[in-house]
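The values are calculated or read from the model by the stated rules, or taken from the named source; none is laboratory data. The model shown is predicted, which means the values in this text are computed figures rather than measured ones. Cβ sites come from the backbone with ideal geometry, for glycine too, and all protein chains shown count toward neighbours. Surface areas here come from the heavy atoms of the whole protein model, side chains and all, with no ligands, DNA or RNA. Shrake-Rupley method; radii C 1.70, N 1.55, O 1.52, S 1.80 Å.
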Amino acid sequence: MSVFVGRKEEGRAVLLSARAGRGVVLSAPPGYGKSALLEELRPALEAWSVVLWTEKLAPFGAFLRDLFRAMWDARIPVEGVDFSKDPEKDLQAWGKRYSSNEEKAKSLVRALRRYAESGVNRATLVVDDATGVTGSMVPWLVALSEVATLVLAVHPETLRKANTKRLWMRLDRVDLPPLSPRETRELAEALVERYGVVAEDREAYLARVVSLSGGIPGEVERLIRYVSAEDIVRNRDIGTGYAEGLARREERGIALAPILLVAGGVAIAARYLGLARGEMDLYVAGGIGVAAFVVLSPWLRKAVVVR
Ligand SMILES: Nc1ncnc2c1ncn2[C@@H]1O[C@H](COP(=O)(O)OP(=O)(O)OP(=O)(O)O)[C@@H](O)[C@H]1O
Ligand SMILES: [Mg+2]
């Protein structure tokens, strides 16, 4: 990757934790650049210890195979499986010897423990996408966290998944916010160069990309690569990116909130006025208004938001 902007502080935090032997959970929504940051940090992690790189946690069987392969590449021996020249053959031998996921996981934990006790820095285990974690994987990840330094990338909701707290408790947490406007601009300029985007009004184009993206690097990339410059400047059919949807929802939600509030207030006031003046009709109408407000306002809000 030729362009990488920002993330100095977050990168430093990940490296500090990993070097202290503490695991890290890197948390951010899709497109914020978790994978990009980990890739950027890879050489620094590798300079510190063996790095076992895996794609994702689920399905767990596939993760265990990934991990076995990474350990094979790093020449970390698993009991009962000799190194041949062919990793596929050794993978099969391992699968035969340890039939269930449980036994497989146990064999890898044991191998990593032996490796950690051999006097070198313990291995760093990176999972590029750990959002698929489930409660049943947690005991194994906790066991792995005791014999290796875990670096897991997840979406923020993953941290609230049932029965996973015990895992996150053991890890330092690093959050990735959106890029600053300056960094977003820097990224946009670099990508415009890279993809050879030609815009009539370059300045207007860049400013629009920066504001539409909301500082989310994946959005910057999507807008520059897949949406025509003309459409962006004219604000036409630019798709439904994550940031854009969010911004629009917020705009509408905020615009509607005071109207709903005033309508609800009027109904309540009418009810009290009716009561005070002994005007039954006004009292009943106010009551109906309040009821309608309570029942309808969530729908009304949604209807406007969805449009
Ligand atoms: N700091 C950055 N500098 C330059 N490009 C970046 C940066 N962060 C992310 N990108 C680019 O933005 C795109 C999305 O980033 P990435 O895939 O790393 O997001 P992610 O957080 O891992 O998303 P997901 O949760 O979907 O895996 C990628 O093309 C990546 O190269
Ligand atoms: Mg990713």
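Laid out as a table, the results:
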| quantity | calculated |
| --- | --- |
| Any hit, the stretch 176-198, residues being modelled with pLDDT of 95 or more and of a type in the set (Lys, Arg) | yes |
| Selection count where residues are in contact (Cβ under 8 Å) with a residue 40 or more places away in the chain and either buried (at least 21 other Cβ atoms within 10 Å of the Cβ) or more than 12 Å from ligand 1 (Cβ to nearest atom) (or both), scope the stretch 142-157 | 8 |
| Residue match in the stretch 180-191 (condition: over 21 Å from Gly6 (Cα atoms) and surrounded by 17 or more Cβ atoms within 10 Å (Cβ to Cβ)) | no |
| Selection status of Arg12, more than 14 Å from ligand 2 (Cβ to nearest atom), open to solvent by 50 Å² or more (accessible area, probe 1.4 Å) and not in a strand (DSSP E or B) | yes |
| Any hit, the stretch 18-39, residues being exposed (fewer than 15 other Cβ atoms within 10 Å of the Cβ), modelled with pLDDT of 95 or more and of a type in the set (Asp, Glu) | no |
| Matching residues in the stretch 158-176 - criterion: being free of Cβ contacts under 8 Å to residues at least 40 places away in the same chain, within 17 Å of Ser27 (Cα to Cα), of a type outside the set (A, V, I, L, M, F, W, C) and open to solvent by 20 Å² or more (accessible area, probe 1.4 Å) | Arg160, Lys161, Lys165, Arg166 |
| Some residue of the stretch 76-84 being under 30 Å from Lys8 (Cβ atoms), buried (at least 20 other Cβ atoms within 10 Å of the Cβ) and over 22 Å from the mean Cα position of the chain (by Cα) | no |
| Scope the stretch 19-32; condition under 8 Å from the mean Cα position of the chain (by Cα) and either free of Cβ contacts under 8 Å to residues at least 24 places away in the same chain or near ligand 1 (Cβ under 6 Å from one of its atoms) (or both); matching residues | Ala28, Pro30, Gly31, Tyr32 |
| Asn163, sole failed condition from (1) within 15 Å of the chain's Cα centre (by Cα); (2) on the phi > 0 side of the Ramachandran plot | (1) |
| Out of Leu108, Leu125, sole residue that is part of a strand (DSSP E or B) and within 20 Å of Ser145 (Cα to Cα) | Leu125 |
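Conditions tested, residue by residue: (1) within 14 Å of ligand 1 (Cβ to nearest atom); (2) touching a Cys at 6+ places or on another chain (Cβ under 7 Å); (3) among the charged types (D, E, K, R); (4) not assigned by TED's automatic domain parsing to the domain that holds Pro29.
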site	(1), (2), (3), (4)
Arg185	yes, no, yes, yes
Leu191	yes, no, no, yes
Ala204	no, no, no, yes
Val209	yes, no, no, yes
Glu221	yes, no, yes, yes
Val227	no, no, no, yes
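Here's the yes/no breakdown for (1) within 43 Å of the chain's Cα centre (by Cα); (2) in a helix (DSSP H, G or I); (3) modelled with pLDDT of 85 or more; (4) not aromatic (Phe, Trp, Tyr):
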position: Arg236; (1), (2), (3), (4): yes, no, no, yes
position: Arg249; (1), (2), (3), (4): yes, yes, no, yes
position: Ile254; (1), (2), (3), (4): yes, yes, no, yes
position: Leu260; (1), (2), (3), (4): yes, yes, no, yes
position: Gly274; (1), (2), (3), (4): no, yes, yes, yes
position: Ile288; (1), (2), (3), (4): no, yes, yes, yes
position: Leu296; (1), (2), (3), (4): yes, yes, no, yes
position: Lys302; (1), (2), (3), (4): yes, yes, no, yes
